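Here, each number is a calculation from the coordinates, and none is a lab measurement. Predicted model, so just to flag it, every value in this text is computed and none were measured. We place every Cβ from the backbone using ideal geometry, glycine too, and count neighbours over all the protein chains shown.
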């Protein structure tokens, strides 16, 4: 009987523990039992990682591969301009580049061609901290500046607040401007997500089932929506800024980033930055916010397939998370206006019929041996004849060689006639054991801005620039291009 009493007590406890265990596993691994807000933030948390798919991995791998190598590159630029049906203008430019990893010098040039004839050449050298260009048709010396003592150079040229300019520009540091550590990301998330959520309630969230089409493929999705009113959005900003004032870790992070941008002591010193935040808070408190913000995430089979941000009738940003073809579409609505006069007062009345809708599309296409990033701008979706498209294709490195292509297409209307500009730049890059020697730049062979008073250097540059433009216009005329200077 004693054991029966124990079993009577233990069995229900074991059953309850098993049920709780099952519940916890189901809760952790599925979306059952989770609230709409939990599910929204779960899939919203995937957006940051998903956006990395737009990064061109071939370009990144090329940069890493060439970082500590000597290399050379040759390229061709072709330019075509078609005006109407009759006028066609064509020009070609040859380019070359070489980098010596031993001396750390880089040389590049671009030559305007007329068939096999060289018409006009500009060359560039980076030697140590000197960056300079040369037009041999004008002066046989390089002209440039040192990337050091920039504050003194600014003072010579009468630039106010010269002390806010960095004394030298660290290009590698600028490349890391947006980098933050995983610990910093986690701190920001843990600090500010609760601040945001404290303003919101479950009524801000909605769940619905929706079939969407992405690149001609249908997806049955669960849509999780967060709608934030203008007043709530204002309160979130105020709460986050008030939290930031006491968040020394994030203040130090912002201060370091502002220092890299040389924004001055009002942003780089913590005390001044805190005062600046107080100013922002005061401005926001006075502002009236009426526009709602709508955030949506779409999940299919446990994976984020689309995320969107919308300010109704102003802007929509949508990200489609598709393998091998991720895409961001930005839709801008520019409202037209009908002028109405009442009692000598002009009133702008906006109607949907005269709104202009523009789109910007950023996408990446992955193929076997190359990755292509494309940007497409439609100023007015009702006028497909006007479009700007920029495309960068980067190949995979094969035995130290890579091939890349840049394409730019601009379609416009001029006097109701189609005007098309097409630019294509093909470049081949090769790793080298050794490259042709690159000239060292010195005070003897280079006109360096830092070495001269402003009036002397400016007078020289006026003369140099006049000579360069005159030569360039003269050469362009020989191939049928008329340029007004």
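Of the peptides 376-389, 313-326, 221-234, the order by per-residue mean of other Cβ atoms within 10 Å, starting with the highest, comes out as 221-234, 313-326, 376-389.
I want to make sure I understand the PRE zone here: with the label point 7 angstrom from the Cα of residue 479 toward its beta carbon, which residues in segment 88-110 have backbone N atoms less than 17 Å away? Inside the label zone: 88-96, 109-110. Multiplying the residue separation of residue 282 and residue 133 by 0.36 nm and subtracting their alpha-carbon distance yields 48.8 nm.
Relative to the longest principal axis of the C-alpha atoms of the chain, give the angle of the C-alpha long axis of helix 57-66, reported between 0 and 90° and rounded to the nearest 10°. On a 0 to 90 degree scale, this one is about 50.
Compute the Cα gyration tensor for segment 387-454, then decide on rounded, prolate or oblate, letting a ≥ b ≥ c be the square roots of its eigenvalues: rounded whenever a/c is under 1.5, prolate when a/b is larger than b/c in the other cases, and oblate in all that remain. Verdict is oblate for segment 387-454.
Its alpha carbons considered, segment 215-272 gives a radius of gyration followed by a Dmax of 18.9, 54 Å.
What length, rounded to one decimal in nm, is gained on full extension from residue 52 through to residue 206, with 0.36 nm per residue of separation minus their alpha-carbon distance?
Going from the current span to full extension adds 52.7 nm.
Sorting 280, 41 from the fewest to the most surrounding beta carbons within 10 angstrom yields 280, 41. Extending each Cα 7 Å along its Cβ direction at residue 358 and residue 180, get the distance between those two points in nm, one decimal. That separation, rounded to one decimal, is 3.0 nm.
Report, please, the projected area of the chain averaged over directions, based on the convex hull of its C-alpha atoms, in nm². Quarter of the Cα hull surface area: 37.9 nm². Look at where the Cα atoms of segment 356-393 and of segment 116-187 average out, and the two centres are 31 Å apart.
Apply the Debye scattering formula to segment 352-485, with a single equal point scatterer on each alpha-carbon and no solvent, then give log10 I(q)/I(0) at q = 0.11, 0.13 Å⁻¹. For segment 352-485 at q = 0.11, 0.13 Å⁻¹, log10 I(q)/I(0) is -0.84, -1.01. Between the alpha-carbon centres of segment 256-330 and segment 419-448 there is a gap of 38 Å. Angle of helix 248-260 to the longest C-alpha principal axis of the chain, folded into 0 to 90 degrees and rounded to 10: 20°.
Against the longest alpha carbon principal axis of the chain, how many degrees, from 0 to 90 and to the nearest 10, is the axis of helix 230-245 turned? Helix 230-245 and the main axis of the chain meet at about 80 degrees.
Using the Stokes-Einstein relation with a Kirkwood hydrodynamic radius computed over Cα pairs, the translational diffusion coefficient of segment 180-255 at 10 °C and a viscosity of 1.306 mPa s comes to 105 µm²/s.
Just need the Rg to Rh number for segment 410-485, please, alpha carbons only, Kirkwood Rh. In segment 410-485, Rg relative to Rh is 1.14.
For residue 386 and residue 417, the FRET efficiency from 1/(1 + (r/R0)^6), where r spans their Cβ atoms and R0 equals 22 Å, is about 0.95. Calculated on C-alpha atoms, the gyration radius of segment 37-127 divided by its Kirkwood radius gives an Rg/Rh of 1.24.
Contact order, relative form, for the chain: 18 percent (alpha carbon pairs under 8 Å, 6 or more residues apart, mean separation divided by residue count).
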